[in-house]
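Asks: For reference, the structure I am asking about is given below.
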Amino acid sequence: MNFTYAWKDKECKFHREIFTPLSFYKKYCDFDLDDMICLINAPTKDKPFEKIYTVEYLGNVVGGQIIKYLNVPSEVIRDAAVAMVKAGRGVWFGADVGKYGDRELGVWDTELFDYELVYGTDINLDKAGRLDYCHSKMGHAMVFTGVDLDESGTPLKWRVENSYGTEVGDKGYHVMNQKWMDEYIFEVMVSKKYLSKALLKVLEEKPVELPPWDPMGALA
């Protein structure tokens, strides 16, 4: 299957080329996709950590590879994302952006709103509870482009490149604190070289198949 790719360069010169998906990848993609892995953080009883998962019917490429997720604690996701950003690489991630966020300010912070003051009770479930009761799921993908670390190297907040346009946040860039990341980020894509030998060994196992309605299939 061929497709036509047309564009203008910085000098406004028009170009047109015909590609196959594979020839386009070889010419314009300068990294090895097989080196990347999707880490998820789903701390529910039906998904033990350090296991590989897939979602039934999620694949949409005939003859292509199935989707694979490695479920890990949030600190593994945090450390791998920090390593990627420090190496100068952006980090694709999936999150539930509908919680504790201000779109105009471009801020995600778990203390942004004081619901307990209004309702007189703590209305929050933990992360596992929100997944089990369908109160939270991956609904939007963005990219980490920077991280603020304290003296010990622990991340405090993240710089996020979003797709809402330049009229929101700081010219389209947003900020997220670490606690929000732990609570509402469910997936990141990172290089396998930032995983431990034990986790790399898990990648060789046969994936556990999740039903098509599982929340981990909401953003693939």
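The values are calculated or read from the model by the stated rules, or taken from the named source; none is laboratory data. Note that the structure is predicted; figures quoted are calculated from it, not measured. Every residue, glycine among them, receives a Cβ derived from its backbone with ideal geometry; neighbour counts consider all protein chains shown.
Asks: Take LYS206 and decide whether it is part of a helix (DSSP H, G or I) and either outside the structural domain of ALA87 (by TED's automatic domain parsing) or surrounded by fewer than 19 Cβ atoms within 10 Å (Cβ to Cβ) (or both). Let's see the steps before the verdict.
Replies: On the way: part of a helix (DSSP H, G or I): no; either outside the structural domain of ALA87 (by TED's automatic domain parsing) or surrounded by fewer than 19 Cβ atoms within 10 Å (Cβ to Cβ) (or both): yes.
No.
Asks: Within the stretch 113-157, work out how many residues are part of a helix (DSSP H, G or I), exposed (fewer than 11 other Cβ atoms within 10 Å of the Cβ) and not β-branched (Val, Ile, Thr). Lay out the reasoning, then the answer.
Replies: Within the stretch 113-157, the first condition is being part of a helix (DSSP H, G or I), and the residues that meet it are 115-119, 127-132.
Remaining after also requiring exposed (fewer than 11 other Cβ atoms within 10 Å of the Cβ): 117-119.
Still in the list and also not β-branched (Val, Ile, Thr): 117, 119.
Here the count works out to 2.
Asks: Out of TRP213, TRP158, which single residue is out of contact with any strand residue (DSSP E or B) (no Cβ under 8 Å at 6 or more places or on another chain) and either in contact (Cβ under 8 Å) with a residue 60 or more places away in the chain or aromatic (Phe, Trp, Tyr) (or both)? I'd like the intermediate steps shown before the answer.
Replies: Numbers: TRP158 fails: out of contact with any strand residue (DSSP E or B) (no Cβ under 8 Å at 6 or more places or on another chain).
The conditions single out TRP213.
Asks: In the stretch 183-195, is there at least one residue being under 20 Å from ILE52 (Cβ atoms) and surrounded by fewer than 16 Cβ atoms within 10 Å (Cβ to Cβ)? Even if it seems obvious, please write down each step before you answer.
Replies: First, pick out the residues of the stretch 183-195 that are under 20 Å from ILE52 (Cβ atoms): 185-195.
Filter once more, so that each one left must be surrounded by fewer than 16 Cβ atoms within 10 Å (Cβ to Cβ): 192-193.
Yes, that holds for at least one residue.
Asks: Can you tell me which of ASP102, ASP114, ASP96, ASP126 is touching a Lys or Arg at 6+ places or on another chain (Cβ under 8 Å) and not β-branched (Val, Ile, Thr)? Working first, answer last.
Replies: Values: ASP102 fails: touching a Lys or Arg at 6+ places or on another chain (Cβ under 8 Å); ASP114 fails: touching a Lys or Arg at 6+ places or on another chain (Cβ under 8 Å); ASP126 fails: touching a Lys or Arg at 6+ places or on another chain (Cβ under 8 Å).
Exactly one residue qualifies, and that residue is ASP96.
Asks: Do we find that VAL91 is touching a Leu at 6+ places or on another chain (Cβ under 8 Å) and surrounded by 12 or more Cβ atoms within 10 Å (Cβ to Cβ) in this structure? Steps first, please.
Replies: Numbers: touching a Leu at 6+ places or on another chain (Cβ under 8 Å): no; surrounded by 12 or more Cβ atoms within 10 Å (Cβ to Cβ): yes.
Here the answer is no, as VAL91 does not meet what is asked.
Asks: Please go through the stretch 119-155 and pick out each residue that is without any contact (Cβ under 8 Å) to a residue 24 or more places away in the chain and either outside the structural domain of TRP180 (by TED's automatic domain parsing) or over 30 Å from PRO212 (Cβ atoms) (or both).
Replies: Hits for the stretch 119-155 are TYR119, GLY120, THR121, ASP122, ASP148, ASP150, GLU151, SER152.
Residues are listed down the side, and each one gets a yes or a no for (1) surrounded by 11 or more Cβ atoms within 10 Å (Cβ to Cβ); (2) part of a loop (DSSP other than H, G, I, E, B):
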site: TYR164; (1), (2): yes, yes
site: MET176; (1), (2): yes, no
site: LYS179; (1), (2): yes, no
site: PRO212; (1), (2): no, yes
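Asks: Pairs, please: C-beta under 9 Å, at least 6 apart or cross-chain, first residue free of Cβ contacts under 8 Å to residues at least 24 places away in the same chain and in the stretch 88-117, second surrounded by fewer than 13 Cβ atoms within 10 Å (Cβ to Cβ)?
Replies: TYR115/THR121; TYR115/ASP122; TYR115/ILE123; GLU116/ASP122; GLU116/ILE123
Asks: May I pose another question? Go through (1) over 26 Å from LEU70 (Cβ atoms); (2) within 18 Å of the chain's Cα centre (by Cα); (3) crowded, with 18+ Cβ neighbours inside 10 Å one by one and return the number of the condition ASP109 breaks.
Replies: Every condition holds for ASP109 apart from (3).
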